[in-house]
Amino acid sequence: MDIATLIGIIGAFLLLVISIALGGSPLAFVNIPSLLIVVGGGLAASLASYPLKEMITGLKAILKAFKPGLPDPVEHIDFLVDVVNKARKNGILALESDIDNFYEKDPFFGDLMRMLIDGQDIEEIKSNADTALMKIDQDLSTEVAIWEALGELFPAFGMIGTLIGLIQMLQNLNDPSALGPGMAVAMITTLYGAVLANVLCVPVSKKLKYYKDLSLLLKESYILTIEAINSGTNPNVLRAKLMSLLGVKAGEEG
């Protein structure tokens, strides 16, 4: 669990709610038409920008911002070094019994190890890995892009709601009772758009991008590992490379 994401988003919302409560009635900031304009409009416009399947996957990706499911870098390095140690001592075929564990660790790593154990050429394995990485990068980038798009569209629809509210208000200048609702839509939609963008969408997109970059580095570590197994590299040399790749400092490794 990424506690920083949880604390950051919930904390920002709580501070806003507390400030509103201290300044007056919180119910004054609840406006259903404004929510329909901002949330509904933003989601609909995003849906028009991406295929339905990618849109649903992208929205679900918010869970990754709270629980990325990525391994601890130190434990990850220890695991890969142990694999290289076993291959160096007992031969590549000795890893056959661990293939299910490799797939459980990461299907990408399982595929690489399957090809290596089957005797495929290392350059062919790396070529396949690069192709797979391109698809993974594209999928993860789409998830980030969807939240970035929402971060742009929510404030935009907030401005549209403001214009709608102002028009309604100007059309009813002779009816004082209609000025209040029109002004509420005009002001609150802008607020909703700004809050959703800056408290939710922008932080989520940045956190997803961070985890996307880290995920790709982890994939690269698998490629370094199969290269080390193929060439018989000393496990300590691999450990140093992986520490540098994943940003683990000396003394933190197991």
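The values are calculated or read from the model by the stated rules, or taken from the named source; none is laboratory data. This is a predicted model, so every value here is computed, not measured. Here Cβ is always computed from backbone atoms with ideal geometry, including for glycine, and neighbour counts include all displayed protein chains. For accessibility, only protein heavy atoms count, side chains too; no ligands or nucleic acids. Shrake-Rupley method; radii C 1.70, N 1.55, O 1.52, S 1.80 Å.
Cross-link check: pairs 53/86; 86/207; 126/212; 86/219 evaluated at a Cα-Cα cut-off of 30 Å; pairs beyond the cut-off: 53/86; 86/207. Only aspartates and glutamates eight or more places from residue 64 in sequence, or on another chain, were considered; those with a Cα closer than 12 Å are 2, 143.
Keeping the other protein chains in place, figure out the carbon and sulfur percent of the accessible area of the chain, with a 1.4 Å probe. Its accessible area is 64 percent carbon and sulfur atoms. On the basis of the beta-carbon distance and an R0 of 41 Å, residue 233 and residue 198 show a calculated FRET efficiency of 0.30. When restricted to Cα atoms, the chain yields an Rg and a Dmax of 25.5, 89 Å, respectively.
Taking the charge dipole of the chain about its Cα centre, with +1 at Lys and Arg Cβ atoms and -1 at Asp and Glu Cβ atoms, the residue from 167, 112, 84 reaching farthest to the positive side is 167.
Solvent-accessible surface of the stretch 129-238, averaged per residue with a 1.4 angstrom probe and all protein chains in place: 48 square angstrom. Remark: the residue 114-residue 99 segment gains 4.7 nm on full extension, using 0.36 nm per residue and subtracting the alpha carbon distance. Summarising the label geometry, the points placed 7 Å from Cα in the beta-carbon direction at residue 13 and residue 173 lie 4.1 nm from one another.
In a simple Cβ point-charge model (Lys, Arg +1; Asp, Glu -1; nothing else charged), the chain has a dipole of about 660 debye relative to its Cα centre. Net length available on complete extension from residue 138 to residue 216 is 27.0 nm, with 0.36 nm assigned per residue and the Cα-Cα distance removed.
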